[in-house]
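> There's a structure below that I have some questions on.
The values are calculated or read from the model by the stated rules, or taken from the named source; none is laboratory data. Note that the structure is predicted; figures quoted are calculated from it, not measured. Neighbour counts are summed over all protein chains in view; Cβ atoms, including those assigned to glycine, are modelled from backbone coordinates with ideal geometry. Side chains included, ligands, DNA and RNA excluded: accessible areas come from the protein's heavy atoms. Shrake-Rupley method; radii C 1.70, N 1.55, O 1.52, S 1.80 Å.
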Amino acid sequence: MSLIANILYPVDFSSSCVAMAAYVKRAATLLGAQVSLVHVADPTDYNGMQLYVRPVSEVLEEQLGIAREQLDSFLEAEFPVAQCPRIPASGDAATEIARVAREGGIDLIIMPTHSGIFRQMLLGSTTAKVINDADCPVLTSRHAETIAPRPLEHREWLCAVGLSSNSERVLRFASQVAAQARGRLSIIHAVQAGEADLPIHLDLREKVHSIEKQEASRRIAELLKMVDMDAPVRIAIGSVKEALLEAARESDADVLMIGRSHQGGSHGRMRDLTYAMVRDSPFPVLSV
């Protein structure tokens, strides 16, 4: 059974959404997955007078009807309606996307970041909320209108792992999805360096780092054995975020896979490195 059989493609009919279509189609072909398109209409688009003179239910029904018509004719050549379900919804975009994914048995959501502002102020975007709320993995790219993601033909997959209880789950997923895509998987791990102003001599610092690297290598080897996986491992030293990003920049990969907390909400996933990595990664990020 395929790990990823159903992909959800949120669309808003924008140019960045259109630019992402080829990437989504290629990903679906590579993974042998079906694509469903969802569009979420915003009820606040209606002015107060309309809601005053007409029942809310009537306004929402009209809104869904318009969304359905737009969806049926959108990217029809790339995603034929008979093969790719169209799902209109109404409400908060991120909430509805996460709900549709959860109730529809979706295995992966693919969507672009939506503007340059997202790269600097991630927490205000629909994409960020989807990452926070969705139960399934979410693949995001740079702003597709200006930077089209490279097709997945290269098939180099990079997975960043920590040494937490979450690491086995992330590695197991990375191994399975890379195998499904027939890709080559490599692992990166960052050893947190000490503060720069600490009075540690260079030789002592290197010794400490050497010990930490050895311990990290041992634990990662154990994790790889647990998931029955064999992959090259690179260990970087420094600020975790910067070390991982630097290792990613030096890699010629299609996708960076990272783990995110099981716990959603403002006190869950927002505490981890997910947002920082999505914001600054040189290539698409698959958060698991």
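> With (1) open to solvent by 10 Å² or more (accessible area, probe 1.4 Å); (2) at pLDDT 85 or above as the list, and GLY124 as the residue in question, which single condition is left unmet?
(2)
> Moving on to the next point. Pull up the range 100-119, narrow it to residues that are open to solvent by 60 Å² or more (accessible area, probe 1.4 Å) and either at pLDDT 90 or above or in contact with a strand residue (DSSP E or B) (Cβ under 6 Å, 6 or more places away or on another chain) (or both), then point me to the one that is nearest to THR140 (Cα to Cα).
The selected residue is ARG102.
> May I ask you to verify whether GLU78 is acidic (Asp, Glu), modelled with pLDDT of 90 or more and assigned to a helix (DSSP H, G or I)? Don't jump to the end; show me each part of the working.
Working: acidic (Asp, Glu): yes; modelled with pLDDT of 90 or more: yes; assigned to a helix (DSSP H, G or I): no.
So GLU78 does not fit the description; no.
> Further question: Just give me the residues in the range 211-263 being of a type in the set (Ser, Thr, Tyr) and closer than 19 Å to PRO137 by Cβ, in sequence order.
SER261 - this is the single residue of the range 211-263 that is of a type in the set (Ser, Thr, Tyr) and closer than 19 Å to PRO137 by Cβ.
Every residue, every condition in (1) modelled with pLDDT under 80; (2) open to solvent by less than 60 Å² (accessible area, probe 1.4 Å), yes or no:
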residue: ASP197; (1), (2): yes, no
residue: HIS209; (1), (2): yes, yes
residue: ALA216; (1), (2): no, yes
residue: ILE220; (1), (2): no, yes
residue: ASP230; (1), (2): no, no
residue: GLU246; (1), (2): no, no
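> Which condition from (1) assigned to a loop (DSSP other than H, G, I, E, B); (2) surrounded by 17 or more Cβ atoms within 10 Å (Cβ to Cβ); (3) at pLDDT 90 or above is the one that ILE97 breaks?
Only one criterion is unmet by ILE97, namely (1).
> Show the residue pairs meeting these rules: Cβ distance below 7 Å; 6+ apart or different chains; first residue within the range 214-225 and under 12 Å from ILE188 (Cα atoms) and in contact (Cβ under 8 Å) with a residue 60 or more places away in the chain; second residue open to solvent by 90 Å² or more (accessible area, probe 1.4 Å) and assigned to a helix (DSSP H, G or I).
The qualifying pairs do not exist here.
> Kindly provide the set of residues from the range 128-161 that are assigned to a loop (DSSP other than H, G, I, E, B), open to solvent by 20 Å² or more (accessible area, probe 1.4 Å) and modelled with pLDDT of 85 or more, ordered by number.
If the condition is that a residue be assigned to a loop (DSSP other than H, G, I, E, B), open to solvent by 20 Å² or more (accessible area, probe 1.4 Å) and modelled with pLDDT of 85 or more, then ASP135 is the only one that fits.
> Name the pairs whose Cβ atoms lie under 9 Å apart, with the first residue in the range 78-103 and in contact (Cβ under 8 Å) with a residue 12 or more places away in the chain, the second open to solvent by 70 Å² or more (accessible area, probe 1.4 Å) and among the aliphatic types (A, V, I, L, M), and 6 or more positions between them or separate chains?
The qualifying pairs are GLU78/ALA22; PRO88/ILE66.
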